[in-house]
C-alpha cells in the first residue's frame, strides 16, 4: 500500500497537525479540573482552613468572618465571579487581535505555576491556597476562551463537531490518566515514607507540571492568524465585549427557543460544575469519607 494511501485515513481519523495540537490543550488543562478542583484541593484546603480557625470555627480573610468549611466554596464562587468580568474582555481581545495564541500561553502558564504553588500549602496558610486557586481557576477560564477561539480557524463547519469532540475526549483521557496516577501514588504513599498531606501536595503540584508540559505541544502547532474582525471606531477592548453581550441579551426575546436553551444550559451546567467542584469536600465533611476513599470514587 502506498504512503499516500495510508496517510489519508490517518489524516481523516486524527485531523491535521494543527488540530492534533489543539486537542492536546484539553489534555493539558483537564489535569487541573480533575486532580485539583474535583478531588484533592477541596478537602485538603478545608483541613488547612480549619487548622487556622478560631474556637468558633471561623477564619477572617480581609477581616470578613467565614466558616472554615465554607472557605473553599467561597473561593470557587469568587473565581467564577471574577470570570464574569474578565472573560468578556478576553473574548473581545481574541476576536479583534492576533494575540490569542500568546494569551493562551500566558494564562496557561499562570494557571500551571499557580497549581504548582499549591505544593507549599500546609500548616495554617489557607490564604495562600485560596489565592493560588482563584488565580489558577481564573487563568484556566481565560485560556479556554483563547483555546475555543481557534476552533473556527482550524476546522471547517463540517469538521467542527468532530474536532471539538476529539478535544473533549482528549481532555477526559488526559485528566483521567493523571488522576489515576495520583490515585496509585496516594495509595502507595506509606511505602515511600510520605505523609498523607505531602502526598496531596505533590498530587496538586503534579497537575500544574502536567498542564505546563503538555501546553508546549499546542503552542508549537497552533498558528497565529490575522483577526477576521476589526475593532469598531471609538470602541475599546475593555468595553466592546460587554456591549456585544448586552446587545445579545436584548435581542434574545426575539428568539425564544434560543433563550430557553441558554437558560437551561446555564442551570444544568452550573449545577453540574458545582457538584464536580464541591463533591469531594461534601464527601469528606458530610459523609465522613477518608482521603483514601475519595479518589477511587471520582475516577
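Taken together, the values in this text are just the output of simple stated rules run on the coordinates, not laboratory data. Since we're looking at a predicted model, the values are computed, not measured. Note: ideal-geometry Cβ built from the backbone for every residue, glycine included; neighbour counts use all protein chains shown.
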Take the Cα of residue 230, step 7 Å along the line toward its Cβ, and report every residue of the stretch 98-130 whose backbone nitrogen sits under 19 Å from that point.
-> 98-99
With viscosity set to 1.567 mPa s and temperature to 4 °C, compute the Stokes-Einstein D of the stretch 61-193, Rh being the Kirkwood radius across alpha carbon pairs; µm²/s, no decimals.
-> 75
Whole Å is fine, so just give me how far the alpha carbon centre of the stretch 82-102 lies from that of the stretch 106-123.
-> 22
In terms of the ratio Rg/(2.2 N^0.38 Å) built on C-alpha atoms, what value belongs to the stretch 17-298?
-> 1.07
Starting from the Cα of residue 64, step 7 Å along the direction of its Cβ; do the same at residue 97; then give the gap between the two resulting points in nm.
-> 2.9
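Out of all Cα-Cα pairs in the stretch 140-269, roughly what percent, to the nearest whole number, are more than 26 Å apart?
50
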Inverse of mean 1/r across different Cα pairs in the stretch 167-228, Kirkwood, Å = 13.7
Between 0 and 90°, nearest 10: helix 160-187 axis offset from the chain longest Cα axis | 20
Asserting the computed 222 nm helical MRE of the chain (DSSP H runs at least 4 long, -39500 (n - 2.57) per run, divided by residue count, to nearest 500) equals -24500 deg cm²/dmol
Would you kindly calculate the translational diffusion coefficient of the stretch 106-157, applying Stokes-Einstein with the Kirkwood radius from alpha carbon pairs, for 20 °C and a viscosity of 1.002 mPa s, and quote it in µm² s⁻¹ without decimals?
-> 176
